[in-house]
Structures are given as structure tokens and as C-alpha cells.
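Below you'll find the structure, written out as C-alpha cells, and then a few comments.
The values are calculated or read from the model by the stated rules, or taken from the named source; none is laboratory data. This one's a predicted model, so the numbers in the text were calculated from it and none came from an experiment. Backbone-built Cβ (ideal geometry, glycine too); neighbour counts: all protein chains shown. Just the protein is used for accessible areas: all its heavy atoms, side chains included, with ligands, DNA and RNA removed. Shrake-Rupley method; radii C 1.70, N 1.55, O 1.52, S 1.80 Å.
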Amino acid sequence: MGPTAVRELKDCLYRLYLEAGTPPLKSVVSAIEHDDSFPGSPSKATVHRIIGSEELAAGQEDVVSVAVLLARMAGADADEAGRRIKEMWVAARLAEPLGAPVKELDPFALEVHPAITVPGQKSLPALPLYVERAHDRELNGAVERASRGESVMVTLVGESSTGKTRTC
């Protein structure tokens, strides 16, 4: 997940869920539906996204409703939980994402070399299509592990123009 603010919000919500005794999502939805004091009315899928997924739910009212209900179920201060979650949700929405999507980057600004030219041969585009190789699958595995929170370091070694930067 990227920004720290999103991670902190998701951790806080999951902690509330655990403290509430991990109620079934269906019962969370039902309890919120039958109480007009809640600002939102999330579906079961939305409650799942709020509690158990990496993504930030779009509706602040739904997130606050789930947090307040879970705090009540856990015997915690529901008003304080609602205020805290609301502040954390705003911080998470305002958080700048880390990095930029690769598709938005200029490969030549990252020092990817243009395709070589051979006199008398048909020239290639400056950046031909990338052909996946065996080391790409290994690198993808390392990236997947890192995205799940595992500490991973990979070093690519090779001569100039062998595709190290492009692989990354």
C-alpha cells in the first residue's frame, strides 16, 4: 500500500475489528442499517474493503460508521474512535502516493539506452518492445514479496546496454 497515512488508518480499523471480536461482516452491515445515528450505510463489499483490503474506501461516512460500530462493540469510546478515524481518513486521502506509475516515466530520462543501429540494416524504433526473460520473473517475485511488506534487496549486474535499467 503506499503512504503511511493509509497504512495507519487500515491498521487502526483492523485493530478495532479484532477488539470487537471479529464480527461477521453481515452483522456489521445489519447493525449499521438498523441504526439511524450512523452517517453512512456501507454494503457488505464496502465493509470488507474498509476492514480487510489494502485500498482506501471512498466514502468517509462509511468508514466512520464502521469504526464507530466496532468501537461500540469493543467497549471503547465510540465518539473518540469516530473523530480519530475521520482525521486519519482525511490524512490518507491527502497523502501523496509514493513514486509515479512506470507508464508515466520517460525511459530515456532514466538512462535507458536507445536501440543500437547497425549500418546497412533496418533501424529499430528508439525503444523496441521489451522481451521478458528468466531474470524478469525472478525480479517480479522479489517485487511481489516487497509489496507484501517483506524486506527485499535485488542487485542487477551486467555489462553496459544489456537491459538492467529497462528490466527494472
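Rounded to two decimals, the Cα-based Rg/Rh of the stretch 1-99, with Kirkwood Rh, is 0.95. Each principal axis of the Cα cloud of the stretch 113-168 was evaluated for its coordinate range; sorted largest first, these ranges are 50, 20, 16 Å. For Glu144, the solvent-accessible surface with a 1.4 Å probe is about 110 Å², rounded to the nearest 10.
Give the ranking of Cys12, Cys168 by solvent-accessible surface, highest area first, calculated with a 1.4 Å probe.
Working: Cys12 10, Cys168 115 Å².
Final ranking, largest accessible area leading: Cys168, Cys12.
Taken over the chain, the convex hull of the Cα atoms encloses 151 Å³ per residue. Projecting label points 7 angstrom from Cα along Cα→Cβ for Asn140 and Val102 puts them 1.0 nm apart. Applying 1/(1 + (r/R0)^6) with R0 = 30 Å to the Cβ-Cβ distance of His113 and Ser147 gives a FRET efficiency near 0.60. Computed from backbone phi, the HN-Hα couplings of the stretch 64-81 come to 5, 4, 5, 4, 5, 4, 5, 5, 4, 5, 8, x, 9, 6, 5, 5, 5, 4 Hz, rounded to whole numbers (Karplus: 6.51 cos²θ - 1.76 cosθ + 1.60, θ = phi - 60°; Gly and Pro given as x).
Mean residue ellipticity, 222 nm, helices only, the chain: the sum of -39500 (n - 2.57) across DSSP H runs of n ≥ 4, divided by residue count and rounded to 500, is -15500 deg cm²/dmol.
Taking all protein chains together and rolling a 1.4 Å probe, His48 ends up with roughly 100 Å² accessible. Rolling a 1.4 Å probe over the heavy atoms of the protein chains gives the stretch 1-78 an accessible area of 50 Å² per residue.
A viscosity of 0.890 mPa s and a temperature of 25 °C, combined with the Kirkwood radius over Cα pairs in Stokes-Einstein, give a translational diffusion coefficient for the stretch 73-162 of 132 µm²/s. Using the Stokes-Einstein relation with a Kirkwood hydrodynamic radius computed over Cα pairs, the translational diffusion coefficient of the stretch 41-97 at 20 °C and a viscosity of 1.002 mPa s comes to 185 µm²/s. Within the accessible surface of the chain, defined with a 1.4 Å probe on protein heavy atoms only, the carbon and sulfur portion equals 54 percent.
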